[in-house]
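Have a look at the structure below, then the notes.
The values are calculated or read from the model by the stated rules, or taken from the named source; none is laboratory data. Please read all numbers here as calculations on a predicted model, not as lab measurements. All Cβ positions, glycine included, derive from the backbone under ideal geometry; neighbour counts span all protein chains shown.
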Amino acid sequence: MNNSFMNKDDAPLPPAIFLMGPTASGKTGAAVSLISKLDVEIISVDSALVFKDMNIGTAKPEADILEKAPHHLIDIIDPTSAYSAANFRSDALRLMADITARGKIPLLVGGTMLYFKALEEGLSGLPEANPEVRATLDAEAAKIGWPAMHSKLAEIDPVTAARLEPNDTQRIQRALEVYEIAGETMSSLFAKQTSEALPYQLLKISLVPSDRKVLHERIAVRFDQMLAAGFVDEVRALMVKYPTLTPESTAMRCVGYRQALEHLAGEYDITELRDRGIFATRQLAKRQLTWLRGMKDIVELDCLEADLNALVLNEITRFIINTQDQ
């Protein structure tokens, strides 16, 4: 038996499944299709789906789907609140233990790769967010622009800057904030990370496109569907219900929401909102695919395959059989 699949008492570790992929890769459909076939429970790994009242722009599963296939960690906080990788890891470990105790298998599904990394490898000990530092950085960015802030980061922490796009405002800000608070770069803190092995046998499935253009087409179609479903009205209603929300709020940094806010502020028309929203979503998919390429021990499946759900089922079934044979 593989010793990496044993705990300190020489008992086999329980199984868990990561189902990962970029936006619009079919993760939710594949996960929901498994509910009637396997003893799994779904844990959402999505930094946007945690927010209540943000349904259309996050492509949150419809109520009938959630009734058929409940997802943990959806609709758990207000958009005015913050949720971190540390929060996710704590919640996910608790839920995984509960699911395992019920004799089921945790199925973690989503596209927030930092959450998957934090869960599998542990946390890096990065400092908590500091509103004052962030306000200072935002003020500086308002003067010189985020591409210039990216250049500043490249001088301080070239390793982190190299994996970020110049318009990735949230992560550029976070990297600069970490340096201001800790006096060390994010990359150096990650290098010092203490490993906290996840006490599960893991199957990591990655849904990636064989043709990036097709994924881009899917993204465009889905954004058009969001607009038709009333995405702009959803954002307008959010600002009424939660008047303290601003473009810098964590929830409003979710893809599409910042652009919708700028549209509502009269900065550009609906056509430009569509173009900017689709572009931002494509950039998100690009970052997600970059994360996936850097992960180890992944079973990669083409998300464009017509029988994708069956392929996912076959991989998981094989994995479950192997864990039972140990």
Residues located in the stretch 100-122, provided they are of a type in the set (A, V, I, L, M, F, W, C) and more than 23 Å from residue 21 (Cα to Cα) = 101
In the stretch 261-286, what count of residues is obtained for those that are under 17 Å from residue 49 (Cβ atoms) and of a type in the set (A, V, I, L, M)?
-> 2
Subset of the stretch 210-269 (residues that are small (Gly, Ala, Ser) and in contact (Cβ under 8 Å) with a residue 60 or more places away in the chain) | 210, 229, 230, 237, 249, 251, 256, 260
Within the stretch 277-284, is there a residue that is among the aromatic types (Phe, Trp, Tyr), free of Cβ contacts under 8 Å to residues at least 24 places away in the same chain and not in a strand (DSSP E or B)?
-> yes
Restricting the stretch 157-172 to residues that are of a type in the set (Val, Ile, Thr) and without any contact (Cβ under 8 Å) to a residue 60 or more places away in the chain, which is farthest from residue 280 (Cα to Cα)?
-> 159
What is the residue count in the stretch 8-58 for residues that are touching a Cys at 6+ places or on another chain (Cβ under 6 Å) and either outside the structural domain of residue 230 (by TED's automatic domain parsing) or of a type in the set (Ser, Thr, Tyr) (or both)?
-> 1
Condition broken by residue 147, with the remaining ones in (1) surrounded by 15 or more Cβ atoms within 10 Å (Cβ to Cβ); (2) not assigned by TED's automatic domain parsing to the domain that holds residue 250 satisfied = (1)
Taking the residues in the stretch 88-137 that are in contact with a Ser or Thr (Cβ under 7 Å, 6 or more places away or on another chain) and on the phi > 0 side of the Ramachandran plot as candidates, determine which candidate is surrounded by the fewest Cβ atoms within 10 Å (Cβ to Cβ).
-> 122
Counting just the residues of the stretch 306-326 that are of a type in the set (D, E, K, R) and free of Cβ contacts under 8 Å to residues at least 24 places away in the same chain, which one comes out farthest from residue 25 (Cα to Cα)?
-> 325
Given the residues 305, 315, which is the only one that is in contact with a strand residue (DSSP E or B) (Cβ under 7 Å, 6 or more places away or on another chain), under 25 Å from residue 19 (Cβ atoms) and not aliphatic (A, V, I, L, M)?
-> 315
Restrict the check to the stretch 122-130 and report whether at least one residue is among the hydroxyl-bearing types (Ser, Thr, Tyr), farther than 18 Å from residue 31 by Cα and either modelled with pLDDT of 95 or more or part of a loop (DSSP other than H, G, I, E, B) (or both).
-> yes
Every residue from the stretch 253-291 that is modelled with pLDDT under 95 and either in contact with a strand residue (DSSP E or B) (Cβ under 6 Å, 6 or more places away or on another chain) or among the hydroxyl-bearing types (Ser, Thr, Tyr) (or both) = 290
Out of curiosity, is residue 296 surrounded by fewer than 18 Cβ atoms within 10 Å (Cβ to Cβ), within 19 Å of the chain's Cα centre (by Cα) and either acidic (Asp, Glu) or assigned to a loop (DSSP other than H, G, I, E, B) (or both)?
-> yes
